[in-house]
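Data block below; observations after.
The values are calculated or read from the model by the stated rules, or taken from the named source; none is laboratory data. This is a predicted model, so every value here is computed, not measured. Ideal geometry is used to build each Cβ from the backbone, glycine not excepted, and the neighbour counts take in all protein chains shown. SASA here: full protein model, heavy atoms, side chains in, ligands and nucleic acids out. Shrake-Rupley method; radii C 1.70, N 1.55, O 1.52, S 1.80 Å.
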Amino acid sequence: MFHVVLITGISGSGKSVAIRQLEDQGYTCIDNLPVKFLHDFIASAREDGLEKVAVAIDVRSPGELANLPDVISAIRAMGTPLQVIFLEADDRTLKQRYSESRRRHPLAYRLQLKNGIAPSLGECIAHERELLAPLRDHEHVIDTSDLPPIQLRSWIKDLVVPDNNNVLLTFESFAFKKGVPSDADLVFDVRFLPNPHYDKDLRPLTGRDEPVATWLSQFDSVSEIINDITAYIQKWLPYYMQDTRSYLTVAIGCTGGQHRSVYVAEELAKRFSSHRPIRVRHRSQVPKNLT
């Protein structure tokens with residue numbers, strides 16, 4: 001099956017990491033492709049018999065970025081399965097990454113020519129967000145703030161599956177102390193639940209470990225919130241599907257993202273196991289390996 005992945009998003013959000021992961025998965029990848037060549041490249045790849053191709057397009061790419069949403073719509077209208085992944089991160093994370101890499105923002109020179117003065121990094125980031133907003137609002141977003149590269153690689157690996165026939169339902173745990181992930185469509189707060197952190201034997205474990213699961217399952221409040229969230233999603237998921245969206249991310253948050261949110265996310269995934277495709281991911285837990 002011919003499958004195309006388009007990686008885009010905010011500069012410094014991890015697009016190079018995503019492209020390298022796709023290369024490892026056997027995708028033919030092109031970085032920094034001009035928007036005007038996207039249609040021709042996909043047509044040529046199909047004619048050449050390629051099955052998996054990936055393209056990165058962002059503000060570095062020459063051409064009118066404003067035309068990209070229409071180009072994407074036209075390609076999909078022709079029956080090409082085009083999966084778009086938009087990467088972003090909060091300003092604090094982006095500034096830290098630029099500081100560590102000591103690289104200039106790709107819009108810095110362009111804005112300096114336009115305005116006659118050198119822009120700050122914050123101004124460059126804000127302008128880039130404005131340019132990319134129309135695309136972000138209609139595609140699947142991954143917030144890479146505080147996300148290690150190995151975690152992003154794991155998520156990309158799980159996400160790029162040639163199956164666009166249904167809404168990809170994702171249950172994602174996170175830590176409120178690190179902020180609410182901006183890629184969430186629905187957010188549920190479970191910080192009110194009993195906390196295994198205060199049990200010295202359970203503290204080093206996670207919500208995926210049986211002792212923690214057994215401990216949490218004894219409380220009525222835990223089963224009740226899981227039942228309530230399940231009922232909410234069961235009621236409204238059909239409406240999200242009617243909205244022609246391809247992704248729905250349900251974020252479950254607790255204080256540290258280790259016990260309660262992880263357990264609830266895992267239990268919700270079990271409740272919706274008949275839905276395809278479905279994903280479970282945990283922002284505060286780095287995978288041990290990536291195979």
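Only one of the listed residues (LEU202, LEU107) is under 24 Å from SER16 (Cβ atoms), in contact with a His (Cβ under 9 Å, 6 or more places away or on another chain) and not charged (D, E, K, R). That residue is LEU107. Name every residue in the range 74-88 that is among the polar types (S, T, N, Q) and either under 19 Å from the mean Cα position of the chain (by Cα) or open to solvent by 60 Å² or more (accessible area, probe 1.4 Å) (or both), in order of residue number. Of everything in the range 74-88, just one residue is among the polar types (S, T, N, Q) and either under 19 Å from the mean Cα position of the chain (by Cα) or open to solvent by 60 Å² or more (accessible area, probe 1.4 Å) (or both), namely GLN83. Set side by side, the residues ILE19, ILE42 differ, and just one is open to solvent by less than 50 Å² (accessible area, probe 1.4 Å) and more than 26 Å from SER145 (Cα to Cα), which is ILE42. Consider the range 45-73 and keep the residues that are open to solvent by 80 Å² or more (accessible area, probe 1.4 Å) and among the basic types (Lys, Arg). The one that is modelled with the highest pLDDT is ARG46. Counting residues in the range 246-264 that are open to solvent by 50 Å² or more (accessible area, probe 1.4 Å), part of a helix (DSSP H, G or I) and not polar (S, T, N, Q) gives zero. Under the condition of being open to solvent by less than 50 Å² (accessible area, probe 1.4 Å) and more than 28 Å from the chain's Cα centre (by Cα), the residues counted in the range 204-218 number 1. Among the residues of the range 111-128, the one identified as surrounded by fewer than 14 Cβ atoms within 10 Å (Cβ to Cβ) and among the charged types (D, E, K, R) is LYS114. Taking the range 207-231 as the range and being without any contact (Cβ under 8 Å) to a residue 12 or more places away in the chain and not small (Gly, Ala, Ser) as the test, the residues that pass are ASP209, GLU210, PRO211, THR214, GLN218, ASP220, GLU224, ASN227, ASP228. The residue that is most open to solvent (accessible area, probe 1.4 Å), counting only those in the range 96-110 that are at pLDDT 90 or above and closer than 15 Å to GLY14 by Cβ, is GLN96. Here is the figure for the range 145-185: residues that are over 14 Å from the mean Cα position of the chain (by Cα), within 15 Å of LEU248 (Cα to Cα) and in contact (Cβ under 8 Å) with a residue 12 or more places away in the chain total 4. Restricting the range 186-203 to residues that are without any contact (Cβ under 8 Å) to a residue 12 or more places away in the chain and among the basic types (Lys, Arg), the residue that is least open to solvent (accessible area, probe 1.4 Å) is ARG203. Name the residue that is least open to solvent (accessible area, probe 1.4 Å), counting only residues in the range 171-185 that are charged (D, E, K, R) and assigned to a helix (DSSP H, G or I). Checking each candidate, the answer is LYS178. Could you please tell me which pairs satisfy a Cβ distance under 6 Å, a separation of 6+ or placement on different chains, a first residue in the range 115-128 that is without any contact (Cβ under 8 Å) to a residue 24 or more places away in the chain, and a second residue that is of a type in the set (S, T, N, Q) and open to solvent by 50 Å² or more (accessible area, probe 1.4 Å)? Cβ pairs passing all conditions: ALA118/GLN112.
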